[in-house]
Amino acid sequence: MKICVIGAGYVGLVTGTCLADAGNTVWCADIDQDKIDMLNGGNTPIFEPGLEPMIVENVRRGNQFFTTDLQKAISNSEICFISVGTPMGEDGSADLQYVLSAAESIGKFMTRHMYVVDKSTVPVGTADLVRRRVQDQLVMRGSNLTFDVISNPEFLKEGAAINDWTHPDRVVIGTDSQDAVDVMKALYKPFLLKTENFIVMDIKSAEMTKYAANAMLATKISFINEIANICERVGADIKMVRKGIGSDSRIGYSFIYPGCGYGGSCFPKDVQALINTARQFNYEPRLLQSVEDVNAHQKHVLADKVKARFGDDLNGRMFAVWGLAFKPETDDMREAPSITIINELTAAGAKIIAYDAKAEHEARICYLKGNENVAYVDSKYAAVRDADALLLITEWKEFRSPDFDELVKLMKHPVIFDGRNQYDPIITGKYGFELYQIGV
Ligand SMILES: NC(=O)c1ccc[n+]([C@@H]2O[C@H](COP(=O)([O-])OP(=O)(O)OC[C@H]3O[C@@H](n4cnc5c(N)ncnc54)[C@H](O)[C@@H]3O)[C@@H](O)[C@H]2O)c1
């Protein structure tokens, strides 16, 4: 099939690449000239394991293209995915300007019947707005071309996006057209050979499904963080409690790891957007608001522990930070707990030596830009030299089994704040470390 994907970010680029890998002809269109230049120059603008070699192969075969020319991309396609950002607006609602601008372009440039597939995460009712935008453009052109609007929320996880996309737990399709169901089923067939979990529903339910999924996962994280905080106060160990509850098949082990709070491009904005939608419909979402409140508090827990150990005045202190990305296997730093923790420590006078092999660039150019008390190094051992303590914030694999002997030699004080409960206190204790963890 001939496909246009508008927005070549984490979702759009993965979507376009996986669809091209299955043999479709895919135009990835973005308004960001630098991103498109990079892609056309053979470089991938984001770090996502496995993505680059697939793009290289698709380009070599000649069925994946990158352009800022939306007219060319749309007019050559019969299916058009909208996968642009829906960031949090000032009032907490999803900012739909990019989605609606993409819809406008589709109406302007489509040359045949079009399946308009919304993959961006959007509030209930957005499909109607998209439909109106496309229709308005067609009316302005005096065109009687027809189109279907389909909601197809994306559930991929950054860091495992290729596998999630090509082996989805489920594909959700919201539409009122049987023809659209048939086309989407054919498009997704190569990726559903094992599960056949293709779920068709009305558009509003599909839009809601994405928010409900993210809100559920965020709730699990805030729940376990709250239990961890209680554990600390009563003298229980969250690691044991996690095992105790996770073994209950009704609860399960996934998403109940305590930590420094959730971040990323989705959970914070999506929970907030759902809260906003509920309020617009005169419902006060007490649980969701608490999920957010617990998370906001959790982002300060590690810095609070540092201050409890070293005092509120951190002038003259130097701390090593391992990991900046909001989770391992991605360079994404949107809403990452590292931002809150580092800013809090430097505001108290500390200097930070940070190491993250993939996210350093994002930190430098955007998320920690201007914070002159942060320096970056290119190895985990360089970060700890003369440090008063080490903070583990993102659990990249390379941090799992460090050479503790080497750490003791390099650090000023053998103190670790383990924000992801990665280390075994018995092992670190053998090397003389003071270890602070979450919920222990
Ligand atoms: N990142 C994730 O893990 C993830 C997972 C599931 C769903 N989502 C949702 O998918 C959507 C996209 O997320 P993302 O992380 O890929 O965002 P992103 O910021 O990485 O990418 C969005 C891209 O859209 C481009 N863009 C904006 N307006 C445009 C326009 N009018 N025409 C063409 N390009 C335009 C931007 O330049 C950018 O490159 C969001 O709604 C998000 O909530 C994201």
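The values are calculated or read from the model by the stated rules, or taken from the named source; none is laboratory data. Quick caveat, the model's predicted, so the values are computed rather than measured. Counting neighbours? That spans all protein chains shown, and the Cβs are built from the backbone with ideal geometry, glycine included. Calculation scope for accessible area: heavy atoms of the full protein, side chains included, ligands and nucleic acids excluded. Shrake-Rupley method; radii C 1.70, N 1.55, O 1.52, S 1.80 Å.
For GLU406, indicate whether it is part of a loop (DSSP other than H, G, I, E, B) and either open to solvent by less than 10 Å² (accessible area, probe 1.4 Å) or over 21 Å from ASN315 (Cα atoms) (or both). No: the conditions fail for GLU406. Step by step: first the residues of region 24-45, then only those that are open to solvent by 20 Å² or more (accessible area, probe 1.4 Å), within 23 Å of the chain's Cα centre (by Cα) and among the hydrophobic types (A, V, I, L, M, F, W, C), then the one that is farthest from the ligand (Cβ to nearest atom). Which residue is that? Ranking the qualifying residues of region 24-45, first place goes to MET38. Whenever a residue of region 1-27 is under 16 Å from LEU192 (Cα atoms), its partners that are within 14 Å of the ligand (Cβ to nearest atom) and modelled with pLDDT of 95 or more, lying with C-beta atoms within less than 7 angstrom and at least six residues away or across chains, give the pairs THR15/VAL5; THR15/PHE81; THR15/SER83; THR15/LYS119; THR15/TRP165; CYS18/ILE162; CYS18/TRP165. For the structure I just gave you, tell me whether LYS210 is farther than 30 Å from VAL440 by Cβ, within 16 Å of the ligand (Cβ to nearest atom), among the basic types (Lys, Arg) and part of a helix (DSSP H, G or I). Answer is yes for this residue. Per the conditions (1) near the ligand (Cβ under 10 Å from one of its atoms); (2) buried (at least 24 other Cβ atoms within 10 Å of the Cβ); (3) farther than 20 Å from ALA206 by Cα, the sole criterion not satisfied by ILE82 is (3). Of all the residues in region 103-115, those that are within 9 Å of the ligand (Cβ to nearest atom) and open to solvent by 30 Å² or more (accessible area, probe 1.4 Å) number 1. Each residue in region 238-293 was checked for being loosely packed, with under 12 Cβ neighbours inside 10 Å and under 19 Å from the mean Cα position of the chain (by Cα), and 1 of them qualify.
When the residues of region 1-17 are filtered to those that are out of contact with any Cys (no Cβ under 7 Å at 6 or more places or on another chain) and assigned to a strand (DSSP E or B), which remaining residue is nearest to the ligand (Cβ to nearest atom)? If you could, list the steps in order and put the result at the bottom.
The first filter runs over region 1-17 and keeps only residues out of contact with any Cys (no Cβ under 7 Å at 6 or more places or on another chain), leaving 1-3, 7, 9-11, 14-15, 17.
Within this subset, residues satisfying the condition of being assigned to a strand (DSSP E or B) are 2-3.
On the way: LYS2: 18, ILE3: 15 Å.
Per the stated criteria, the residue is ILE3.
Listed residues LYS189, LYS157, LYS220; which is open to solvent by 80 Å² or more (accessible area, probe 1.4 Å) and more than 18 Å from ALA22 (Cα to Cα)? Lay out the reasoning, then the answer.
On the way: LYS189 fails: more than 18 Å from ALA22 (Cα to Cα); LYS220 fails: open to solvent by 80 Å² or more (accessible area, probe 1.4 Å).
It is LYS157.
Which members of region 225-237 meet the condition of being in a loop (DSSP other than H, G, I, E, B) and open to solvent by 40 Å² or more (accessible area, probe 1.4 Å)? Result: GLY235, ASP237. Which of the numbered conditions does PHE65 fail, given that it passes all the others? Conditions: (1) within 12 Å of the ligand (Cβ to nearest atom); (2) within 26 Å of the chain's Cα centre (by Cα); (3) open to solvent by 20 Å² or more (accessible area, probe 1.4 Å). Failed condition: (1).
Out of curiosity, is GLN71 more than 8 Å from the ligand (Cβ to nearest atom) and either within 23 Å of ASP270 (Cβ to Cβ) or crowded, with 19+ Cβ neighbours inside 10 Å (or both)? For GLN71, the condition - more than 8 Å from the ligand (Cβ to nearest atom) and either within 23 Å of ASP270 (Cβ to Cβ) or crowded, with 19+ Cβ neighbours inside 10 Å (or both) - is not met. Restricting attention to region 343-359, the residues that are open to solvent by 10 Å² or more (accessible area, probe 1.4 Å) and either in a loop (DSSP other than H, G, I, E, B) or more than 23 Å from LYS269 (Cα to Cα) (or both) add up to 9.
You will find that of ILE251, ILE275, the residue that is in a loop (DSSP other than H, G, I, E, B) and closer than 30 Å to PRO153 by Cα is ILE251 and no other.
Would you please name the residue that is nearest to THR340 (Cα to Cα), looking only at residues in region 365-380 that are part of a helix (DSSP H, G or I) and open to solvent by 60 Å² or more (accessible area, probe 1.4 Å)? Can you show your working first?
Start the filter on region 365-380 by keeping residues that are part of a helix (DSSP H, G or I), which leaves 365-367, 380.
This time we only want the ones that are open to solvent by 60 Å² or more (accessible area, probe 1.4 Å), so: 365-367.
Values: ILE365: 17, CYS366: 14, TYR367: 10 Å.
Per the criteria, the residue is TYR367.
Taking region 409-422, which residues are in contact with a strand residue (DSSP E or B) (Cβ under 6 Å, 6 or more places away or on another chain) and open to solvent by less than 20 Å² (accessible area, probe 1.4 Å)? Answer for region 409-422, where residues must be in contact with a strand residue (DSSP E or B) (Cβ under 6 Å, 6 or more places away or on another chain) and open to solvent by less than 20 Å² (accessible area, probe 1.4 Å): VAL415, ILE416, PHE417, ASP418, GLY419.
When region 294-331 is filtered for residues that are within 26 Å of ASP386 (Cβ to Cβ), assigned to a helix (DSSP H, G or I) and open to solvent by less than 60 Å² (accessible area, probe 1.4 Å), the ones remaining, listed by number, are VAL301, LEU302, ALA303, LYS305, VAL306, LYS307, PHE310.
Matching residues to (1) more than 17 Å from the chain's Cα centre (by Cα); (2) more than 12 Å from the ligand (Cβ to nearest atom); (3) under 22 Å from ASP32 (Cβ atoms):
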position: LEU96; (1), (2), (3): yes, no, yes
position: SER101; (1), (2), (3): yes, no, yes
position: LEU129; (1), (2), (3): yes, yes, no
position: THR146; (1), (2), (3): yes, yes, no
position: PHE155; (1), (2), (3): no, no, no
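Working carefully through the options THR340, THR394, find the one that is touching a Pro at 6+ places or on another chain (Cβ under 7 Å) and either surrounded by 15 or more Cβ atoms within 10 Å (Cβ to Cβ) or not in a loop (DSSP other than H, G, I, E, B) (or both).
Numbers: THR340 fails: touching a Pro at 6+ places or on another chain (Cβ under 7 Å).
Being touching a Pro at 6+ places or on another chain (Cβ under 7 Å) and either surrounded by 15 or more Cβ atoms within 10 Å (Cβ to Cβ) or not in a loop (DSSP other than H, G, I, E, B) (or both) holds for just one of THR340, THR394, which is THR394.
Taking every residue in region 393-411 that is under 18 Å from CYS260 (Cβ atoms) and pairing it with any residue that is modelled with pLDDT of 95 or more and of a type in the set (Lys, Arg), at least 6 positions away or on another chain, the pairs with Cβ-Cβ distances below 6 Å are GLU395/ARG420.
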